[in-house]
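To keep things clear, I will list the structure first and then write my remarks on it.
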Amino acid sequence: MSDLSTSELLQLYSRSFDQGDFHSAAGYAQRAAEQACQEGKTSQELNALSVLARAWANAGEIQKSVEAATRLLTRARKTENKAAQMDAARLLASRMADLDLRNRWHEIRPLLLEGLELARQLGDQEAVVEHLSRLGAYAVEVGELDSGLDWLQQALSEAESLTDKESQAFYRSNVHASLSDLMLKRSNHAEAVRHAEMSVGAAREKGNPSLVASAQLTLAQAERARGELAEALRLVEEVLPRARQMGWKGTGQDAEYLRGELLREMGHPERAEPSARRALELAREMKLKEEEVACLLSLGQVLLALKRREEARQVLQQARRLSQERDYADHFQEAEELLAECSSNFVEN
């Protein structure tokens, strides 16, 4: 038994989480869950399992997050706790989205809609906002822009009634980041930058360094889209050292990928290669299916730019094979085009 109470362990979890130290946070949550279970404190056990799933997700340990969410769902069902069941289902849906959103959207969407309805029945306003923001973000990612916009606007509106200002700032940051992505898909670069800047501002209000880093990457993507490559690279290189130091795998993977893309586009493929390779390594480590394909395509283009055509061909063939297996038609087409370019260059030279 710990010298600390379960409540004290959960307080230490919160402090570590807010500082972006997700591995320490997970350790405290794990201890809290075990202790609460031994003491028969079901409510605290369910809470600890919920925050444990969140900590592992933020640390980029997706499989560990899935395991924690599964434990939470099992315990919630056994104790007939509807609020915890709703939470566990949403956490599982979110991790499914991390692993392969495009191919599992047909499973994720109904899970989140069911959770949204339950949140409204329970009068849990924060859960309502959480479900709406997830639905909106994922719809944008899979290209359902009208539905995504509707859910995101609802999320912003509902967030205004949250009494906790830090929670409100957190959701405003996430929703504006998703709106920035939506505007990029509509080629409205000025609006993409505006929403990304609002996301950064809200993240700074919240004060969580990981959230700020994620918002900065959203802004970097928007700056890249409107041709401000140097500014985009500055933002990415501001994020990367902290992501590496703190072990933020998801943020680090996004940042390495974007750095590799930017340096290649700026004519520095030799500097791009380490980031392109590290992004691929992290995607594979986290078992992120679509990100793995995108990273292979990125690395293939870097190798083409370095005129290492045989290496490029091997990498692009992997991208083509995985795209076909995972039913990513757009990535498959890009791999085909790059392989054709590779063959053309090879013949010419």
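The values are calculated or read from the model by the stated rules, or taken from the named source; none is laboratory data. Only a predicted model underlies this, so the values are computations on that prediction, with no experimental measurement involved. Quick reminder, even Gly has a Cβ in these numbers, built from the backbone with ideal geometry, and neighbours come from all protein chains shown. Note: areas computed on protein heavy atoms with side chains; ligands, DNA, RNA excluded. Shrake-Rupley method; radii C 1.70, N 1.55, O 1.52, S 1.80 Å.
Tabulated results
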{"quantity": "One residue from 214, 173 being open to solvent by less than 40 Å² (accessible area, probe 1.4 Å) and either in contact with a strand residue (DSSP E or B) (Cβ under 9 Å, 6 or more places away or on another chain) or under 30 Å from residue 233 (Cβ atoms) (or both)", "calculated": "173"}
{"quantity": "Flag for residue 277 being in a helix (DSSP H, G or I), modelled with pLDDT of 95 or more and open to solvent by 40 Å² or more (accessible area, probe 1.4 Å)", "calculated": "yes"}
{"quantity": "Residues within segment 190-212 that are farther than 12 Å from residue 177 by Cα and aliphatic (A, V, I, L, M), tallied", "calculated": "1"}
{"quantity": "Number of the condition not met by residue 78 [criteria: (1) more than 20 Å from the chain's Cα centre (by Cα); (2) closer than 19 Å to residue 147 by Cα]", "calculated": "(2)"}
{"quantity": "Residue check for residue 301: open to solvent by 30 Å² or more (accessible area, probe 1.4 Å) and touching a Lys or Arg at 6+ places or on another chain (Cβ under 8 Å)", "calculated": "yes"}
{"quantity": "Filter result for residue 223 (among the acidic types (Asp, Glu), open to solvent by less than 60 Å² (accessible area, probe 1.4 Å) and more than 15 Å from the chain's Cα centre (by Cα))", "calculated": "yes"}
{"quantity": "Qualifying residue in segment 107-128 (condition: within 15 Å of residue 54 (Cβ to Cβ) and in a helix (DSSP H, G or I))", "calculated": "yes"}
{"quantity": "Pairs where the first residue, in segment 39-51, is more than 20 Å from residue 95 (Cβ to Cβ) and open to solvent by 60 Å² or more (accessible area, probe 1.4 Å) and the second is in a helix (DSSP H, G or I) and of a type in the set (Val, Ile, Thr), C-beta under 9 Å, 6+ apart", "calculated": "39/6; 41/6"}
{"quantity": "Output for segment 245-261, where each listed residue is out of contact with any Leu (no Cβ under 9 Å at 6 or more places or on another chain) and not aromatic (Phe, Trp, Tyr)", "calculated": "245, 246, 247, 261"}
{"quantity": "Tally, over segment 242-265, of residues that are open to solvent by 70 Å² or more (accessible area, probe 1.4 Å) and in contact (Cβ under 8 Å) with a residue 24 or more places away in the chain", "calculated": "3"}
{"quantity": "Every pair of residues 6+ apart whose Cβ atoms lie under 6 Å, when the first sits in segment 1-24 and is closer than 26 Å to residue 203 by Cα and in contact (Cβ under 8 Å) with a residue 24 or more places away in the chain while the second is open to solvent by 70 Å² or more (accessible area, probe 1.4 Å) and in a helix (DSSP H, G or I)", "calculated": "9/31"}
{"quantity": "Conditions (1) within 22 Å of the chain's Cα centre (by Cα); (2) closer than 22 Å to residue 166 by Cα; (3) surrounded by fewer than 22 Cβ atoms within 10 Å (Cβ to Cβ); number of the one not met by residue 12", "calculated": "(1)"}
{"quantity": "Scope segment 128-170; condition open to solvent by 10 Å² or more (accessible area, probe 1.4 Å) and among the small types (Gly, Ala, Ser); matching residues", "calculated": "133, 137, 143, 147, 157, 161, 167"}
{"quantity": "Residue among 87, 98, 124, 146 that is of a type in the set (D, E, K, R) and within 27 Å of residue 282 (Cβ to Cβ)", "calculated": "98"}
{"quantity": "Failed criterion for residue 204 (all others in (1) more than 20 Å from residue 294 (Cα to Cα); (2) under 14 Å from the mean Cα position of the chain (by Cα) hold)", "calculated": "(2)"}
{"quantity": "Matching residues in segment 93-127 - criterion: being buried (at least 19 other Cβ atoms within 10 Å of the Cβ), within 23 Å of residue 162 (Cα to Cα) and of a type outside the set (A, V, I, L, M, F, W, C)", "calculated": "94, 115"}
{"quantity": "One residue from 287, 307 being in a loop (DSSP other than H, G, I, E, B) and either more than 26 Å from residue 65 (Cβ to Cβ) or among the hydrophobic types (A, V, I, L, M, F, W, C) (or both)", "calculated": "307"}
